[in-house]
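This report concerns only the one structure given below.
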Amino acid sequence: MLLVFDVGNTNMVLGIYKDNELIKDWRINTDKEKTSDEYGILISSLFKYEDIEMSEIKDVIISSVVPNVMHSLENFCIKYCKKQPLIVGPGIKTGLNIKYDNPKQVGADRIVNAVAGIEKYGYPLILVDFGTATTFCAISERGEYLGGTIAPGIKISSEALFQRASKLPRVELLKPGTTICKSTVTAMQSGIIYGYVGLVDKIISMMKHELNCEGIKVVATGGLANLIASETDSIDNVDKFLTLEGLKVIYEKNKE
């Protein structure tokens, strides 16, 4: 079995692949303060609930945008899984032709998504990942990673509104169904959700114009992808496990 980690700023997603099938996945809080033993206790309990033994894990691969958590996670892998993890970063084989000014600046999550996107959907391609930040990545008609855009995530935008406006409450991210709202809560929900839909539509529209080619597919992933995708015609597919699948593809390219 292959254990994959997608470590984001807010959450980390774990998945277990048996052969080519994702058989289990979990989403837990990314905690920079947790020790390797604390992660060991938490992940062991998740495994135990699903009747999975640590000894069944044959390899581990990690993609992370949170450097401060890596020491604990690496030590967890060595101590509890008895494996040195493969970490997505400089020197790892991805098969991706990166056209960024400085390829080392491209986040591991964006690289993994691009690898999975090309593998599953071909190119040209636009990938949108709704995480703590929302990232937009463009893949050319030759399969090159061209770059993209990074925007504040929906939750960050919502939290900033609550924290900086004294009389505005913290609200749940729900679609009110209207923009002429009769309460402060629904007015905020409308502005956050539909305003974000406008942001997504605009960036995708500009990316398509700049790619200047036919047959561009737009694929979204991340925890809030469905919320936005249901309100826009710009997104063709929502792929919940795109990043985990990308980790598996990269592992296959490097396992020797």
Check off (1) closer than 16 Å to LEU125 by Cβ; (2) within 15 Å of the chain's Cα centre (by Cα) for LEU244 and give me the number that stays unchecked. (1)
Would you please name the residue that is surrounded by the most Cβ atoms within 10 Å (Cβ to Cβ), looking only at residues in region 52-72 that are among the acidic types (Asp, Glu) and free of Cβ contacts under 8 Å to residues at least 60 places away in the same chain? GLU56
Condition met for GLY148 (surrounded by fewer than 18 Cβ atoms within 10 Å (Cβ to Cβ), in contact (Cβ under 8 Å) with a residue 40 or more places away in the chain and within 19 Å of ALA114 (Cα to Cα)): no
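What are the residues in region 241-256 that are without any contact (Cβ under 8 Å) to a residue 12 or more places away in the chain and part of a helix (DSSP H, G or I), if any?
If the condition is that a residue be without any contact (Cβ under 8 Å) to a residue 12 or more places away in the chain and part of a helix (DSSP H, G or I), then GLU252 is the only one that fits.
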Is it true that ILE192 is in a helix (DSSP H, G or I), touching a Ser or Thr at 6+ places or on another chain (Cβ under 7 Å) and within 30 Å of GLU144 (Cα to Cα)? no
Collect the residues in region 126-154 that are part of a strand (DSSP E or B), closer than 17 Å to LEU242 by Cβ and of a type in the set (S, T, N, Q), keeping them in residue-number order. THR134, THR135
In region 4-46, the residues that are among the hydrophobic types (A, V, I, L, M, F, W, C), closer than 15 Å to SER63 by Cα and touching a Phe, Trp or Tyr at 6+ places or on another chain (Cβ under 8 Å): VAL4, MET12, VAL13, LEU14
Sort out which residues of region 197-224 are part of a helix (DSSP H, G or I) and either at pLDDT below 95 or acidic (Asp, Glu) (or both), and write them in order of number. ASP201, GLU210
Take LYS255 and tell me if it is over 18 Å from GLY153 (Cβ atoms), among the basic types (Lys, Arg) and surrounded by 18 or more Cβ atoms within 10 Å (Cβ to Cβ). no
Filter region 73-125 for residues that are crowded, with 22+ Cβ neighbours inside 10 Å and not in a helix (DSSP H, G or I); which is farthest from the chain's Cα centre (by Cα)? PRO124
Criterion first (crowded, with 16+ Cβ neighbours inside 10 Å and touching a strand residue (DSSP E or B) at 6+ places or on another chain (Cβ under 7 Å)) does THR243 satisfy it? yes
Filtering region 217-256 down to residues that are more than 21 Å from ASN97 (Cβ to Cβ) and of a type in the set (A, V, I, L, M, F, W, C) yields ALA220, LEU224, ALA225, LEU227, ILE228, ALA229, ILE235, VAL238, PHE241, LEU244
Looking at (1) surrounded by fewer than 20 Cβ atoms within 10 Å (Cβ to Cβ); (2) at pLDDT 95 or above, which is the only condition LEU227 fails? (2)
Does GLY40 qualify as being surrounded by 14 or more Cβ atoms within 10 Å (Cβ to Cβ) and either aliphatic (A, V, I, L, M) or out of contact with any Asp or Glu (no Cβ under 7 Å at 6 or more places or on another chain) (or both)? yes
Would you check which residues across region 1-13 are aliphatic (A, V, I, L, M) and either crowded, with 20+ Cβ neighbours inside 10 Å or touching a Pro at 6+ places or on another chain (Cβ under 9 Å) (or both) and list them? LEU2, LEU3, VAL4, VAL7, MET12, VAL13
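Which ranges mark the strands (runs of 3 or more DSSP E) fully within region 1-46 that have 3 or more residues being touching a residue at least 24 places away in the same chain (Cβ under 8 Å) and among the charged types (D, E, K, R)?
On the way: elements: 2-7, 11-18, 21-29.
Because the criterion is at least 3 residues that are touching a residue at least 24 places away in the same chain (Cβ under 8 Å) and among the charged types (D, E, K, R), the strands (runs of 3 or more DSSP E) in region 1-46 that meet it are 21-29.
The values are calculated or read from the model by the stated rules, or taken from the named source; none is laboratory data. Keep in mind that what you see is a predicted model, and the values were worked out from it rather than measured. Quick reminder, even Gly has a Cβ in these numbers, built from the backbone with ideal geometry, and neighbours come from all protein chains shown.
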